[in-house]
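Following: one structure in C-alpha cells, then a few remarks.
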Amino acid sequence: MIKSINAVLISSRDVKRLVEFYRDKVGIPLKVADHGGGMHAEAELGETHFAIFPGGGAPLERGPIMFSLHVDNIDAEYQAMSKRGVKFDGPPADRGFGGVIASFRDPDGNGVCLMCWQSERKK
C-alpha cells in the first residue's frame, strides 16, 4: 500500500538559479547538503522532502521532475508493479542515506521512486 508522496526532487542544469527561485521567491527554506550522491539543496516541508540537484548535459539523463512514493513493503510493491509491466531501473537498493529505493520512469520520462527507510524494510 502506498502511504504518501514523501519527496519531490527536481533536477536542473542551473541549480543556483532554481534554488534562488524556490528559496527567495517561493519561500522554501532550502539548505545546501552533500549526502546521498552529491551536492544539492534540500528542505523538509511537513513530511515531504523537497530537493533540487544537478542534472544536465544534453539531453537530461532523467526527466526534470522526480517523486518518491513511501511504501509499506518495497520488495512486495516492486514485485507487484514489475508483474503489472513497470520497468524498474533495478531492484530495491540501499542508496546510502538510510533509504531503500527502486526507481522507474513514467511514460513521459519523469522519475518515480518507491521508497522505504532501511529500518522499516520487510524481508
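Here, each number is a calculation from the coordinates, and none is a lab measurement. Here the structure is a predicted model, which means the values were calculated and not measured.
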Lysine-lysine proximity count for the chain, Cα under 25 Å, sequence distance 8 or more or distinct chains
10
Can you tell me the Rg and the Dmax, both Å, for the Cα atoms in the chain?
14.8, 44
